[in-house]
Amino acid sequence: MTIGTVEIPENSEVFGETRNAFARFGYSAAVRAKGLLFIAGTIGRRSDGSIPDSIQEQTEAAIRRIEEILHVEDLDLRALVDVTSYHVDIHQHLPGFSEAKQRLIKPPYPAWSMIGVSGLASPGLLVEIRATAAYPDASR
């Protein structure tokens, strides 16, 4: 079985200076194995490291980061097959999250689980999204 990691390019406008978090915290942005791409939990930070106040902005930033990881692998959001999102104050933020999600995620829809949590890695973070994508030719 071939396993490979995905490296975010140094010039990524989406990740910007937050790109170094992978090495600092000792994990990969994504790992490919057996025709699947496993994307690590992705948060809604801006490229300068700041955290937007609104759930809509955080959701969009997190999905754009997932999209950037997929792009590195010549995939797009339609390759997503399974997604789990973790939400602080899920009942309060679900409408804003859903609005941003509906703007960005189009059919065919992946399986999606939403889990309410008491907190995330940094104060101010409202959502974290992890995902699995499938390669169309399953050769990777």
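The values are calculated or read from the model by the stated rules, or taken from the named source; none is laboratory data. Remember, predicted model here, so these are calculated numbers, not experimental data. No Cβ is skipped: glycine too gets one built from the backbone with ideal geometry, and neighbour counts run over all protein chains shown. Side chains are part of the model used for accessible areas, which takes the heavy atoms of the whole protein and leaves out ligands, DNA and RNA. Shrake-Rupley method; radii C 1.70, N 1.55, O 1.52, S 1.80 Å.
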* Structure fact -> Computed from the beta carbon distance with a Förster radius of 30 Å, FRET efficiency for ARG46 and ASP137 to the nearest 0.05 stands at 0.30
* Asked: Got a sec to turn the phi values of segment 9-15 into Karplus ³J(HN,Hα) couplings, 6.51 cos²θ - 1.76 cosθ + 1.60 with θ = phi - 60°, whole Hz, x for Gly and Pro?
  -> x, 4, 8, 5, 6, 6, 8
* Across segment 29-41, in residue order, what do the Karplus-derived ³J(HN,Hα) couplings come to in whole Hz, using 6.51 cos²θ - 1.76 cosθ + 1.60 with θ = phi - 60° and x for Gly and Pro? -> 4, 7, 10, 9, 7, 6, x, 10, 10, 9, 9, 4, x
* To do: Looking at the chain, send over the antiparallel percent of its DSSP beta bridges, to the nearest 5.
  => 75 percent
* To do: Rounded to whole Hz and in sequence order, give me ³J(HN,Hα) for segment 64-71 from the Karplus expression 6.51 cos²θ - 1.76 cosθ + 1.60, θ = phi - 60°, writing x for Gly and Pro.
  => 5, 5, 4, 4, 5, 4, 4, 4
* To do: Counting other Cβ atoms within 10 Å, keep those with at most 11, restrict to DSSP loop, and tell me which chymotrypsin sites (Phe, Trp or Tyr not before Pro) in segment 1-95 are left.
  => none
* At a probe radius of 1.4 Å, what is the per-residue accessible area of ASP82, in Å² to the nearest 10? -> 70 Å²
* To the nearest 10 square angstrom, how much accessible area does THR84 have with a 1.4 angstrom probe? -> 20 Å²
* Solvent-accessible surface ranking, highest first, for SER85, SER28 at 1.4 angstrom -> SER28, SER85
* Okay, which of segment 106-140 sit inside 12 Å, backbone N to the point 7 Å along the Cα-Cβ direction of ASP82? -> 111-113, 131-134
* Asked: How many angstrom lie between the C-alpha centres of segment 68-140 and segment 19-36?
  -> 16 Å
* Structure fact -> For LEU37, the residues 5 or more places away or on another chain with a placed amide H closer than 5 Å to its own amide H are ALA133, ALA134, TYR135
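Under the definition of Cα pairs under 8 Å and six or more residues apart, what whole-number percent is the relative contact order of the chain?
Reported as a whole number, the value is 31 percent.
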* Among HIS93, HIS71, what's the order by accessible area (1.4 angstrom probe), most exposed first? -> HIS71, HIS93
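Would you compute, from DSSP H runs of 4+ residues alone, the mean residue ellipticity of the chain at 222 nm, taking -39500 (n - 2.57) per run and dividing by the full residue count, rounded to the nearest 500?
Estimated from H runs of four or more residues: -8500 deg cm²/dmol.
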* Asked: Sequence-distant or interchain residues sharing an amide H contact under 5 Å with MET114, placed H: which?
  -> SER85
